[in-house]
């Protein structure tokens, strides 16, 4: 068994190395065709600038532009003064050996590195033979990773606590998803519990991030105040994580106050602009309260109804779900100043 695994690993290594060599040969051939007078150093400056050490003397060094045929270069500034890195100047360097053997051939005349038909057949074969648990693992892992990446891209200013929470999210996610990735089918119930806990972690991070992003957006010109408020909220929220904390409880119990400095007063006062006479008149025709003295461009309202499964004509005739509470109706209303769209969703537990 170990011998088979070692052979597979060795085969994959060889395949990857050969593919990299073929790609490098193709790049070198195309470069030679486009730059007939180019030498190996020119290719390195273009393809791998980190392997070129430019001369630090500005009087004796030329330009380090990667373009091998810059017609605007004078004779005094070309070729660039410098040297190859130790990696590229070692005796028997693989890159130089490939360069010496690569023919000058445009990319359009080269043999394709991969057969598109064959690679497409491999993809179709993989999808046809993919096991359901493997598909589930890929979907779940991809969904969590995409959600984490989306969260991490949110702008929330210089809040160290939030930065720590975002960084901790990735190892937590990797630990929870590892049983799926290693195909531990015998630990289904344990894996499901891990995924549920991961969802709870995401929920808490999202709640903190919502506050952080909101404070940063509203107090972007008062970063100190934003940090102090979030620090108070963070210290209030963290000890209560996992205790069923609701928005009502937060509004009722979180009563920390901050002293406003002189340079921060204008920032806060601008957040509460009184509506003009015209805006006050429009408020009578609006669908809700004004936001910063202005009517929102778009409003979305959701109505939902939860019913007991028992006795509901949408319910399946099964005793196993008779005590469950399901959301049987959901209505979406999306309105602007010019139109109104309504959608109704009716769910069944069949």
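Values in this text are rule-based calculations from the coordinates and carry no lab data. As the structure is a computational prediction, the values presented were derived from the model and not from experiment. Reconstructed Cβ throughout: ideal geometry from the backbone, glycine too, with neighbour counts over all protein chains shown.
List of remarks:
- Spacing of the two label points (7 Å from each Cα toward its C-beta) at residue 161 and residue 332, in nm: 3.5 nm
- Between residue 149 and residue 131, the contour length at 0.36 nm per residue exceeds the alpha carbon distance by 3.8 nm.
- Taking a point 7 Å from the Cα of residue 228 along the Cα-to-Cβ direction, the residues of the range 251-268 with backbone N closer than 12 Å to it are 257-265.
- Spacing of the modelled spin labels on residue 123 and residue 300, each 7 Å from Cα toward Cβ, amounts to 3.1 nm.
- Most tightly packed first, judged by the mean number of other beta-carbon atoms within 10 Å of their residues, the peptides 254-264, 30-40 read 30-40, 254-264.
- Highest mean first, the peptides 107-116, 139-148 sorted by other C-beta atoms within 10 Å per residue fall in the order 139-148, 107-116.
- Binning all Cα-Cα separations of the range 99-221 at 5 Å, short to long from zero, yields these whole-percent fractions: 2, 9, 14, 13, 11, 10, 9, 8, 9, 8, 6, 3, 0.
- Label-point separation in nm, residue 175 to residue 262, each point 7 Å along Cα→Cβ: 5.0 nm
- Protection proxy ranking of 159-166, 192-199 - average other beta-carbon atoms within 10 Å, highest first: 159-166, 192-199
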